[in-house]
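Every read-out reported here was derived from the displayed coordinates using simple, explicitly stated rules and does not represent laboratory data. It should be emphasised that the depicted structure is a prediction, and the values quoted were computed from it without experimental measurement. Positions of Cβ are backbone-derived with ideal geometry, glycine not excepted, and every protein chain shown enters the neighbour counts.
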Amino acid sequence: MSDKIALITGVGPGTGSSLARCFHAEGYKVAMIARNSERLSNLEKELPGSKGFICDVRDSDSINQTVESVIKKFGQPDTFIHNAVRGVRGSFLDFTPEDLQSNFDTNVMSLLRFSQLLCPHMIENKNGSVIVTGNTSAHRGKAEFGGTASTKAAQKILCESMARFLGPKDVHVAYITIDAAIDVPWTREMWPEKPDDYFINPDDIAEEALHLVRQNKSAWTFDHWLRPHGEVW
């Protein structure tokens, strides 16, 4: 078995599952983090050697216990992919302070908590990758997305600060901006009139994350944008 270990948060039915499959195919032992036990169980059967861990990423104790369990099961991860995300729609008059706090805890605080637990080993080992999946909201505050955009922007800035600190220590940090609707059943239902090239394939997102992890340190990418060729921008 390979000693490459990837910890992936937000293993949902779209990008998260694609990331797990992609890194498993590359020979990684994959620690899959989510709250849906049935999905994780099915992926464990599909991806031998992988392991699902139930975790509420908004809770620091849950993160601490989960990382401890991952290390006990697999060892120290050398790749951390933060794909967990929470957002709400509506103007600033519509979302509540509790909504905003929950978004912040999922998008920003959990990135901080996981990274503080995982990155010291990467620094010591002079090797590792932290990949964060973001979206266009990290770059602009549209009228109906203030509760999401404000936390995704904070996430990107934290990620950039981490990259500037960790890069000289041989740990690669990259932020993927997904400027697209991800091709999952609920987006197809939301936009049934849209052509196929309107959507981005989650498997292709996963391949790009793997590409970033594989990059030679002489040409590391931080700000990595993805969009379908049919996307207007």
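Please verify whether Asp223 is surrounded by 16 or more Cβ atoms within 10 Å (Cβ to Cβ), of a type outside the set (Val, Ile, Thr) and within 19 Å of the chain's Cα centre (by Cα), treating the condition exactly as stated. Against the criterion (surrounded by 16 or more Cβ atoms within 10 Å (Cβ to Cβ), of a type outside the set (Val, Ile, Thr) and within 19 Å of the chain's Cα centre (by Cα)), Asp223 does not qualify. Glu208 falls short on exactly one of the conditions (1) under 25 Å from Pro13 (Cα atoms); (2) out of contact with any helix residue (DSSP H, G or I) (no Cβ under 7 Å at 6 or more places or on another chain); (3) part of a loop (DSSP other than H, G, I, E, B); (4) not basic (Lys, Arg), and that condition is (3).
Of the numbered criteria (1) surrounded by 23 or more Cβ atoms within 10 Å (Cβ to Cβ); (2) not in a helix (DSSP H, G or I), the one Gly147 fails is (2).
Yes/no matrix, rows are residues, columns are (1) basic (Lys, Arg); (2) touching a Ser or Thr at 6+ places or on another chain (Cβ under 8 Å):
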{"position": "Lys169", "(1), (2)": "yes, no"}
{"position": "Ile178", "(1), (2)": "no, yes"}
{"position": "Ile182", "(1), (2)": "no, yes"}
{"position": "Glu193", "(1), (2)": "no, no"}
{"position": "Asp196", "(1), (2)": "no, no"}
{"position": "Asp203", "(1), (2)": "no, yes"}
{"position": "Trp220", "(1), (2)": "no, no"}
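Look through region 80-127, keep the residues that are among the acidic types (Asp, Glu) and over 16 Å from the mean Cα position of the chain (by Cα), and return whichever of them is surrounded by the fewest Cβ atoms within 10 Å (Cβ to Cβ). So the residue we want is Glu98. One residue alone among Thr79, Thr106, Thr15, Thr9 is in contact with a Cys (Cβ under 9 Å, 6 or more places away or on another chain) and closer than 28 Å to Asp183 by Cα, and that residue is Thr9. Filter region 122-139 for residues that are touching a Lys or Arg at 6+ places or on another chain (Cβ under 9 Å) and in a helix (DSSP H, G or I); which is farthest from Lys217 (Cα to Cα)? Of everything passing the filter in region 122-139, Ser137 is farthest from Lys217 (Cα to Cα). Would you pick out the residues in region 71-89 that are under 17 Å from Leu19 (Cα atoms), not hydroxyl-bearing (Ser, Thr, Tyr) and not in a loop (DSSP other than H, G, I, E, B)? Correct list: Phe80, Ile81, His82.
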